[in-house]
1. Name the residues in segment 44-93 that are among the small types (G, A, S) and within 13 Å of A32 (Cβ to Cβ), would you?
2. Being among the aliphatic types (A, V, I, L, M) and assigned to a strand (DSSP E or B) is the filter here; which residues of segment 1-49 pass it?
3. Please specify each residue of segment 70-91 satisfying the condition of being away from the ligand (no atom under 16 Å from the Cβ), in a loop (DSSP other than H, G, I, E, B) and in contact with a strand residue (DSSP E or B) (Cβ under 8 Å, 6 or more places away or on another chain).
4. So, in segment 137-160, of the ones that are of a type outside the set (V, I, T) and closer than 17 Å to K92 by Cα, which residue ends up least open to solvent (accessible area, probe 1.4 Å)?
5. Failed condition for E123, given (1) touching a helix residue (DSSP H, G or I) at 6+ places or on another chain (Cβ under 6 Å); (2) surrounded by fewer than 19 Cβ atoms within 10 Å (Cβ to Cβ); (3) not aromatic (F, W, Y), with all others met?
Amino acid sequence: MKKELTLNFDYFTAAAELSDIEKTLFEKAKTAREKAYAPYSDFFVGCAVLLENGEIICGNNQENAAFPSGLCAERTAVFYIGANFPEQKIKKIFIVGGPRIFSEKTPAIPPCGACRQSLMEYETKQHENIEVYFSNLKEEIYKVNAVKDLLPFYFDSTFL
Ligand code: THU
């Protein structure tokens, strides 16, 4: 028996198409990206996370001379939120990543697999979807309605 999964997502071609809060998250993700510590990969990623109470928490990738000790932007942000705002639901995360110098061809960078899994943990915990946006500097913006959309057949605590 063949089955099929369908992914619905939004695609914008300019930040002007976004709502005010989405525009703010995009701007904050870009600013956070500029502060990334990525001397080894020269690949700079920033993100801005909107909490239920309206607060916006930013993160960026933090690398390390012992490479695996570093951490992606998304996990830097959501682990900080988990540590400091454990009761707050996460509404949206906006990610902007790419080489330090963007080219015309730099695509929008989606979150890596480990970050999807980590984001999925919070989506499961809060029983509410987290909207995920990712964009390049050319404002080619993707939006999915939930982390689970980026991680079909996800593993979570319900299997334990
Ligand atoms: N990186 C992120 O911060 N987020 C992702 O989802 C993909 C990768 C970082 C990790 C590393 O510092 C650099 O980008 C190159 O992989």
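1. G46, A48, G59, A73, A77
2. V45, A48, V49
3. The answer is F85, Q88, K89.
4. Restricting to residues being of a type outside the set (V, I, T) and closer than 17 Å to K92 by Cα, the top hit is A146.
5. (2)
The rows are residues; the columns are (1) modelled with pLDDT of 95 or more; (2) more than 12 Å from the ligand (Cβ to nearest atom); (3) more than 16 Å from V96 (Cβ to Cβ); (4) within 10 Å of the chain's Cα centre (by Cα).
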| position | (1), (2), (3), (4) |
| --- | --- |
| Y40 | yes, no, yes, no |
| L51 | yes, yes, yes, no |
| E55 | yes, yes, yes, no |
| N61 | yes, no, no, no |
| N64 | yes, no, yes, no |
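The values are calculated or read from the model by the stated rules, or taken from the named source; none is laboratory data. Keep in mind the model is a prediction, meaning the values are calculated, not measured. Cβ atoms come from the backbone with ideal geometry, glycine included; neighbour counts cover every protein chain shown. For accessibility, only protein heavy atoms count, side chains too; no ligands or nucleic acids. Shrake-Rupley method; radii C 1.70, N 1.55, O 1.52, S 1.80 Å.
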